[in-house]
1. Going by alpha carbons, how many degrees (0 to 90, nearest 10) lie between the helix axis of A:14-29 and the longest principal axis of chain A?
2. Quick one: 3J(HN,Hα) in Hz for segment A:59-64, Karplus 6.51/-1.76/1.60 with θ = phi - 60°, rounded, Gly and Pro as x.
3. For chain A, take the longest principal axis of its alpha carbons; what is the angle in degrees between that and the long axis of helix A:113-140, to the nearest 10 within 0 to 90?
4. Please give the helix B:99-109 orientation as an angle from the longest Cα principal axis of chain B, in degrees from 0 to 90, rounded to the nearest 10.
5. Find the centroid of the Cα atoms in segment B:66-107 and in segment A:118-163, then give the distance between the two in whole Å.
6. Just to confirm my numbers, what's the Cα centroid distance between segment A:22-55 and segment B:14-64 in Å?
7. Counting only heavy atoms of protein chains, what accessible area per residue, in Å², does chain A have with a probe of 1.4 Å?
8. Excluding residues fewer than 8 places away in the same chain, name every one of the aspartates and glutamates whose C-alpha is closer than 19 Å to that of residue B:113.
Number of protein chains: 2
Amino acid sequence: MAAPRKARSADNGARLRLIAATATIMRDEGYAAATSRRVAAEAGVKQALVYYYFPSMDDLFLEVLRAGTEVSLNRIRDALAADDPLTALWTLNSDLRMTALNTEFMALANHRKAIRAELKSIAERVRDIETAAVTVALRARGIDLQAAPPVAVSMLIAQTARSLCNEEAVGVTLGHDELREFVEHQLRTLGAPSPEAAHSVD
Amino acid sequence: MAAPRKARSADNGARLRLIAATATIMRDEGYAAATSRRVAAEAGVKQALVYYYFPSMDDLFLEVLRAGTEVSLNRIRDALAADDPLTALWTLNSDLRMTALNTEFMALANHRKAIRAELKSIAERVRDIETAAVTVALRARGIDLQAAPPVAVSMLIAQTARSLCNEEAVGVTLGHDELREFVEHQLRTLGAPSPEAAHSVD
DNA sequence: GTCTATAGGCGGATAGAC
DNA sequence: GTCTATCCGCCTATAGAC
């Protein structure tokens, strides 16, 4: 917090470049490769500057996580405003680009308290947003919310999509076509709001 | 391969202790903490001995993975031989003990070819075993295997259980009760082999 | 099979000049 | 705000004694 945050004063964007560089290296080579020297080089600055902006490397990792959060949350909110929130949820969590970085942070979170707390907070915000969208969608389809709690349906869709991405990232694809087809079939079946339910919402 | 494998000759179990020590440290502090010095200390030997048994630290990581494989596969096979394979699959993958180590290896696999290949091979063997058990269970329940492909059902159950564990490991529990209850309700519904199906198998 | 010793490098972090 | 220079520790890996 001692380091400048929004102070766009004399800073040439080095802070932002450092955050972006760290994310890139973590994604491509793992958190262990994201050293102060490597991220500085990637950002085009000298190593000591890292410690001008961030008290320690752990703080930098935390900032990488925070920087991605608002962007992600907005993407999620936008996507879930679409016609079919259930399919949107599936597509959203099938995005392979975030997978590697997520895995790194999960691994980090297992051993660093600050990362764990931040990740928990983010995960819960995401879940709240996704569950809200699913609630609306299920209600519009006339589905009994007691029998199929929106939060459970939301998690099922999102976690399944993520699991497929995680596996794909390490080259495992056995059964993926079948599971994708199965899920997408269920989504199509639930696809359109049922007529009688549409009335009951009026 | 130059290092002794099953040579129980004059070795006091140092090799096995090194593998166990590495697993412990990876689980507790992450793969980056599993250095030759730390694992040697944990195993009660000197650092250089690590390089007598393993050409490099990466090779040691690989051996940790391999050592766990046979144990795990047997556990899985045993569990799935139970009365209710679907519930067994759910319980099996809800085991919190393996979670942290799995996460470490997933992260490692994203950046090391040898680990990735080994993990892929293991994952596919596990999937084959689990799918076989699910196939039998679904058939016994008279479920249409075209509409619900065993590999998809198997993945859905296993991956959902694992996702819950992964989240729990970082302290996220929002919605877990609802999802567990939902899944377990579905499992109960599918619980007993249906009478007519039982006949059709005769 | 296990050790001591060491080479040579990279790591986090700080002091202080500009 | 960015740099140079530096401290000091830990790392992987090897050589060679016992």
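The values are calculated or read from the model by the stated rules, or taken from the named source; none is laboratory data. Quick caveat: nothing in here was measured; it's all calculated off a predicted structure. Cβ coordinates were reconstructed from backbone atoms using ideal geometry, including for glycine residues, and neighbour counts include every protein chain displayed. Note: accessible area is taken over every heavy atom of the protein model, side chains too, but ligands, DNA and RNA are not part of it. Shrake-Rupley method; radii C 1.70, N 1.55, O 1.52, S 1.80 Å.
1. 70 degrees
2. The phi angles translate into 5, 5, 4, 4, 5, 4 Hz.
3. 20 degrees
4. So the helix axis and the longest Cα principal axis differ by about 70 degrees.
5. Going from one Cα centre to the other spans 27 Å.
6. Segment A:22-55 and segment B:14-64 have Cα centres spaced 27 Å from each other.
7. Result: 49 Å² of accessible area for each residue.
8. Partners found: A:28, A:29, A:104, A:167, A:168, B:58, B:59, B:63, B:104, B:124.
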